[in-house]
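Please treat every number below as a calculation from the coordinates, not as lab data. Because the structure is predicted, anything quoted here is derived from the model rather than measured. Here Cβ is always computed from backbone atoms with ideal geometry, including for glycine, and neighbour counts include all displayed protein chains.
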Amino acid sequence: MVMKRPLIVGMGGTTRPGSSSEQSLAIALHKAQQSGAETMLFRGADLILPLYEPQSKVLAPDAKALIDALRRADGVIFSSPCYHGGVSGPLKNAIDYTEEMSADERVYLDGRAVGAICCGFGVQGPMAGLNALRAITHALRGWPVPLGVAINSAAVKFRDCGCDDEKTVQQIEAMADQVLNFAVMSIQERAKARARSSLKCNTSLV
Ligand SMILES: Cc1cc2nc3c(=O)[nH]c(=O)nc-3n(C[C@H](O)[C@H](O)[C@H](O)COP(=O)(O)O)c2cc1C
């Protein structure tokens, strides 16, 4: 059986030059790519979308590009700064666009592995943001991977998509591996399920 290359979509970061949430996300996607995934990055500037309006019939082109990517995704990685004890407004607004996937056959993030990173200026904020991202993942029927990455950006510095703390990099990469491994399992299970159902169809024709 030839397996499709898993697609991991990253969403996160801020428009702040040197954004730690964006650079940590880039490290995660780079690791996923090295391990064989196709990746797509929606960075801080890509998340500045019109406020989501559920009744609106037309999507802005940038929002449509995001939803098209999420529909194809096998795994997703969110990376947010902690803003006032939660997720940043632009990221949450971008996530709200997944409401467009509420009537899809694979509803919202159903069956997709979801990794989460949160950066904050201290230790309390990133944990709060991480919990919020996991609650959002549950609401969207995604599967949060066991390892979440909480980064104290007052202590850990990012530069040129690198990081001065090896342990932080190891955590980001381990989380990316978990997302990719789950994505591969999910692709394989869905392929098996399709094979079983086509076998049933064929035998009922005999
Ligand atoms: C509006 C705003 C609210 C913030 N609120 C918190 C907070 O509640 N807790 C915290 O630890 N850091 C807070 N911070 C600090 C950011 O989370 C931190 O600097 C983070 O690294 C920014 O992400 P970035 O580097 O990707 O831009 C806040 C920053 C801003 C601009």
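In the structure shown, the pairs 31/92; 4/57; 167/192 are assessed against 31 Å; a Cα-Cα span above that value is assigned to 4/57; 167/192.
Less than 9 Å Cβ to Cβ from residue 186, Lys/Arg counted +1 and Asp/Glu -1: what total charge do the surrounding residues give?
0
Sorting 86-95, 18-27 by their mean Cβ neighbour count within 10 Å, with the most densely packed peptide first, gives 18-27, 86-95. With one equal scatterer per alpha carbon and no solvent term, the Debye-computed log10 I(q)/I(0) for the chain at 0.10 1/Å reads -0.42.
Each of residue 154 and residue 68 was given a label point 7 Å from its Cα along the Cα-to-Cβ line. The distance between the two points is 4.3 nm.
Gain on full extension, evaluated as 0.36 nm per residue between residue 110 and residue 38 minus their Cα-Cα distance, stands at 24.0 nm. Hydrophobic long helices, here whole DSSP H runs in the chain with Kyte-Doolittle means of at least -1.0 and Cα atoms spread over 27 Å or more along the helix axis, are found at 166-205. Residues 175, 40 in ascending order of nearby Cβ atoms (within 10 Å, fewest first): 40, 175. All other residues with a Cβ under 11 Å from the Cβ of residue 153 taken together, and with Lys, Arg as +1 and Asp, Glu as -1, what is their net charge? That works out to +1.
When the GluC sites (Glu not before Pro) in the range 82-153 are filtered for DSSP coil states and for at most 16 other beta-carbon atoms within 10 Å of their beta-carbon, the remaining sites are 105.
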